[in-house]
Structure formats: C-alpha cells, structure tokens
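J.: Below is the structure I would like to discuss, written out as structure tokens.
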Amino acid sequence: MINKQKVLGDFGFEFLGPICSEYFHQLNEVLKVNPDAHILFLAREGYFFNDVYSKLISHNLIAQNTYDYFLASRTFLFRICIADPSTWEFSLKHNFEGTLDRLLVARFGFTHHVALEIFTEDELAKEYSLPNDFEEITTLFSMKLAALSKAVAKSRSSYFDYIRSLSLPRDKKLILVDVGYSGTIQKLLTHLLGQSTHGLYFITTKAGDYNYHGKTATMECVFKDRVKMGDGYHMLDKSLFLEALLTSPNGQFVDIEKSSIPGAAQFIKFYGRHSYTQANFAELEMIFNGATDAVVSYLKNGVRFTLDEIEHLYKHYTTKSQFIPAAVRPLFDVDDAISGNGNVNPLNLFKV
C-alpha cells in the first residue's frame, strides 16, 4: 500500500528542496549586508517561504531580521491602481485577447455589475488585443478616471489601513521575497508605499534598479537574469509548475475591507476561486514539510547546488511524467488570472 504522506514529502524534498535551499542561501547573503532590513513575504508563495524562514531561524541557520507575511496580488494591486495612469504600463501591457468586460473581470478583479456602472454595454463588449491596443484602452480609461477612482476607493482605503496596521518601519529597507520574474508587485508596492525596496527572485527579466517617484525598486535574481517568457529558458517558460505548488491555503488575495463587527478581526479578506490545491491543502502541506526538511538539511550541512544542477533537475521534473507521482499530479492547479484563462494545470498545458 502506498504511503501518500511519504510520497508527497519525498517529492517536496527532491523537487522543491534544492531550488528553495539555493534561494534561501542567497536570501541569507542579502540579509547579512542588510541586518536592519524588514522582510515582506509576498503573495501566495510567501506563505511557504515565511514558514521556512521561521524554521531556519529556529535552527540558527539564517540571519534573523524582522518580517511579515504581506497580502498582495497583481489582480488586487492592478484594481486599486486602475485610476492611476502611471501604473497602466504594468496592468495593460501583458498579452490579452478578449472583450473589455473580460479584461476587467479577469485581470482587475471587477465584477460585471461594477464594470457596468463605469462603462456602457457597447464599450464592455468591444474586443481588444493587448499590448497592441494599449493606447486605445488607456484613452478610454482616461475618460473614466473619476468613476474608476470611486469604484476602487473602499478597497484602496482599506488596503492602506491594512498596511498601516502592520506598522512597517519607514526608516528600513524592505526586502521583498517573491518568485515572480518581472517584479510587477514589487514595483507597484514601491510606488504605493513610497519606500525603496529590494526584491529577490528566482529569475528576472532584467535585474537592476528602477526609480519610481524618487524611490528605488532593486531587483536581484538567484538563478537567471535577462530572460523573457517564451525565449526558451525552461525554468521560466514552465514556471507554472512552481506557481502551482507555492501557494497558500486561501489562494489568490483579491480584496480587503475593514470590519465593522465588534470583537471581530480588524479586516475581512477576500480570496479568488479555489483550486484542487486549496480544497486539499493538507496534501500540499506534506510536500512543504518535505521541502522544508530539505532546506534545513542542506543549509545545516553546507550542501550547495550549481545552476546547471538546478536547471537539469527542473527540466527532468517538468518534462518527464515518470518523475511526477500520481499522488502529486492533482496538486498542479493554478489560478492564472492575469491571462484571463482561469485555473490552469501545467501538466496538461505542457503535456507531461
């Protein structure tokens, strides 16, 4: 009889372990030269990374900085910034084909009802192709700034209240821990927080310093820089395999509001559609446990992996079906909202 817990734990140890141990090794190097920096574990993957970091601290295997798990998602940030033209380069230059209504729902997290309060039926039904129609859409948005601002005012205000509730240090550098390669969330947060940030990523399209209204967003990569989606770099082109696993129990954060219920939590948080993974999160926790054991073991014993070894391992697991145990396969289910495609299973998408 198959021991499912062992199968899942072994998979986490063998697949996620080497990749994540190299990431945390580099994070430790960043923290050594930024001993006063405050860490923000971002988005869905931040749930796992936050837990690993606390485990490494308990084993005295990593620099001990102050840190928070921080709620953020591209969809939510795109929405609360939709009335800010300086952010449209982030939200409207990703590939998209479809109606304006579908764009507002899939990428910005609007409901059809709210979209109808801002745009006419004809405007919502018009087909667009991004980034080709960027100028046309931004012209339309510019005509609707007041209505767009009103539509997101409550969420935007609640989010800033949430940020203030964390009492983030204003005089310290913020280290953002994330997987994503383009730094979109980091750049938007640098703009919203009015604070310089240092993001550490697995892969980057272009590492370096980016200035936003006098603040700097520094992007640093662990594995590979200057690669783009579709260029043929395997770890990026098939990054959905990591995104599917490195998620949180609630899935994608989509909205927040202040609670008016006496004695209740200060904020009510809303999340997007649940995948198989969220419905069966105990199984993913078994993978996380194995991966965490690997990271602790590798850092404790000084085990390192070369880039060639990481790339070779990743390619094997994401191209050969025999490397993915049957118990693991259903967990590869990710909400790919930015493309408007809904939930995507990379095993099916890439025919593994």
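J.: Out of region 199-221, which residues are out of contact with any strand residue (DSSP E or B) (no Cβ under 6 Å at 6 or more places or on another chain) and either under 23 Å from residue 246 (Cα atoms) or among the acidic types (Asp, Glu) (or both)?
T.: Correct list: 205, 206.
J.: For region 128-247, list the strands (runs of 3 or more DSSP E) that sit wholly inside it and hold at least 1 residues that are among the aromatic types (Phe, Trp, Tyr) and at pLDDT below 95; which are they?
T.: Per the criteria, 208-212.
J.: Can you list the helices (runs of 4 or more DSSP H) lying wholly within region 254-352 that have 3 or more residues being modelled with pLDDT under 90? Before the answer, list the steps.
T.: On the way: elements: 276-279, 281-300, 307-319, 346-349.
Once the helices (runs of 4 or more DSSP H) in region 254-352 are filtered for at least 3 residues that are modelled with pLDDT under 90, what remains is 346-349.
J.: Now, a different point. Criterion first (out of contact with any helix residue (DSSP H, G or I) (no Cβ under 8 Å at 6 or more places or on another chain), at pLDDT 95 or above and closer than 30 Å to residue 321 by Cβ) does residue 6 satisfy it?
T.: Working: out of contact with any helix residue (DSSP H, G or I) (no Cβ under 8 Å at 6 or more places or on another chain): yes; at pLDDT 95 or above: yes; closer than 30 Å to residue 321 by Cβ: yes.
In short, yes.
J.: Take residue 304 and tell me if it is basic (Lys, Arg) and free of Cβ contacts under 8 Å to residues at least 24 places away in the same chain.
T.: Considered against the rule, which asks whether it is basic (Lys, Arg) and free of Cβ contacts under 8 Å to residues at least 24 places away in the same chain, residue 304 comes out as no.
J.: Which helices (runs of 4 or more DSSP H) sit wholly inside region 39-99 and have at least 2 residues that are crowded, with 21+ Cβ neighbours inside 10 Å?
T.: Output list reads 45-58, 74-80.
J.: I've got another one for you. What are the pairs, 6+ residues apart or on separate chains, where a residue within region 283-300 that is in contact (Cβ under 8 Å) with a residue 12 or more places away in the chain and within 11 Å of residue 52 (Cα to Cα) has its Cβ under 6 Å from a residue that is in a helix (DSSP H, G or I) and of a type in the set (A, V, I, L, M)?
T.: Correct list of pairs: 291/16; 292/52; 295/52.
J.: Also, I was wondering about something else. Which residue pairs have Cβ atoms under 7 Å apart, sit 6 or more places apart or on different chains, and have a first residue in region 74-86 that is closer than 13 Å to residue 255 by Cβ and a second that is among the hydroxyl-bearing types (Ser, Thr, Tyr)?
T.: Listed pairs, sorted by first residue: 78/91; 79/155; 80/155; 80/159.
The values are calculated or read from the model by the stated rules, or taken from the named source; none is laboratory data. Just so we're clear, the structure is a prediction, and the values are computed from it rather than from any experiment. For neighbour counting, all protein chains shown are included, and Cβ atoms are generated from backbone atoms with ideal geometry for every residue, glycine included.
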